[in-house]
Structure formats: structure tokens, C-alpha cells
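Have a look at the structure below before the remarks.
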């Protein structure tokens, strides 16, 4: 049996992991579809076609580059927060997370066949999917998840209603 500090730490880490997975779960597909629509634009269509043909190691680089490029932006946002610009810093972090998720989701869709040719990536992906499903199963059984789903449905309906106007 775990002592109370270990239980608290385990709970905090599990909660953080659940929040990250939930964001990815709710944002991954819609953001990826949005970038797929943008990717149909004439100049970008060629780029997407090129990315699809990359060999496995080039696909890894293409998949990692957006995260590396967003790191300095996130560090600047933390610097802004440290200088007292809390709202600006938080907005930049949230925007970077949304843009980063959209780009990584689209790049993953484009490069997945090449990435899965790498044994270590396929292994890591399979383990990530198992972990993600276990966390989601546990989260979906919680009261907080059910409340969040109701709120999400309400906002989705409101958004669709607003778009129809």
C-alpha cells in the first residue's frame, strides 16, 4: 500500500495525464480535420503530398520539429507571466497548445505509415494507445467526465446554432 505522499503524487500525475489526454482527445480530430481542409489549398496540397512521401526518419524529424519550434514561444510566454503579464502569457500558451496540437495531429496523419515502419515508434505508439485507453476508460467513468460531456454538448449545440445564423 502506498503512503499518503506517494498517493497524492500519483493522483496529481494521473490527473495531469488525464487532462492532457482529454485535451488531445477532444482537440486532435477536429483540429486535424481543420488543417486537412486548409491543406487542400493549392500551394499547401503540394506540401502535404511531399510530407506523405517522406522516408521514416525524415517523418520523425517532420513530426518533432513543430514541438521544438513551439518551445521558445512557450518559454517567452512563461517569461511574460514572470514579468506580470499573466493573461498574455496564458493566452500565448493556450494558443501554442492549440496550434501545436493541430499541426502535430495533421503531420501524424500524413506521416503515420512511414513512422510505423520504425519498430521503436510502432512499439511506443502501441503502448501510448494502451495507456491512453486505460486513462480514458477511468476518466469516462468519473462524475467530472460526465459533467464535461454535458457542457461540451451544450457548447457544440450553441456553436452550431450560432454558425447557422
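The values are calculated or read from the model by the stated rules, or taken from the named source; none is laboratory data. Every value quoted in this text rests on a predicted model; they were computed, and no experiment measured them. Here the Cβ is made from the backbone with ideal geometry for all residues, glycine too, and neighbour counts use every protein chain on show.
Tallying residues that are surrounded by 12 or more Cβ atoms within 10 Å (Cβ to Cβ) and at pLDDT 80 or above within the range 129-145 yields 2. Only one entry in 22, 16 is surrounded by fewer than 12 Cβ atoms within 10 Å (Cβ to Cβ), modelled with pLDDT under 85 and under 15 Å from the mean Cα position of the chain (by Cα), namely 16.
May I ask you to say which residue of 80, 114, 102, 67 is closer than 27 Å to residue 44 by Cα, over 16 Å from the mean Cα position of the chain (by Cα), touching a residue at least 12 places away in the same chain (Cβ under 8 Å) and surrounded by 12 or more Cβ atoms within 10 Å (Cβ to Cβ)?
Working: 80 fails: closer than 27 Å to residue 44 by Cα; 102 fails: over 16 Å from the mean Cα position of the chain (by Cα); 67 fails: over 16 Å from the mean Cα position of the chain (by Cα).
Exactly one of 80, 114, 102, 67 is closer than 27 Å to residue 44 by Cα, over 16 Å from the mean Cα position of the chain (by Cα), touching a residue at least 12 places away in the same chain (Cβ under 8 Å) and surrounded by 12 or more Cβ atoms within 10 Å (Cβ to Cβ), namely 114.
Across the range 117-138, the number of residues qualifying as in contact (Cβ under 8 Å) with a residue 60 or more places away in the chain and more than 17 Å from the chain's Cα centre (by Cα) comes to 4.
In the range 90-99, what residues are surrounded by 15 or more Cβ atoms within 10 Å (Cβ to Cβ) and modelled with pLDDT of 90 or more?
Here is the first cut: in the range 90-99, the ones surrounded by 15 or more Cβ atoms within 10 Å (Cβ to Cβ) are 92-93, 96-97, 99.
92, the sole residue that qualifies.
Considering the range 26-142, the qualifying helices (runs of 4 or more DSSP H), each wholly inside and each with 3 or more residues that are touching a helix residue (DSSP H, G or I) at 6+ places or on another chain (Cβ under 8 Å) and closer than 27 Å to residue 152 by Cβ, run over 56-82, 86-115, 119-140.
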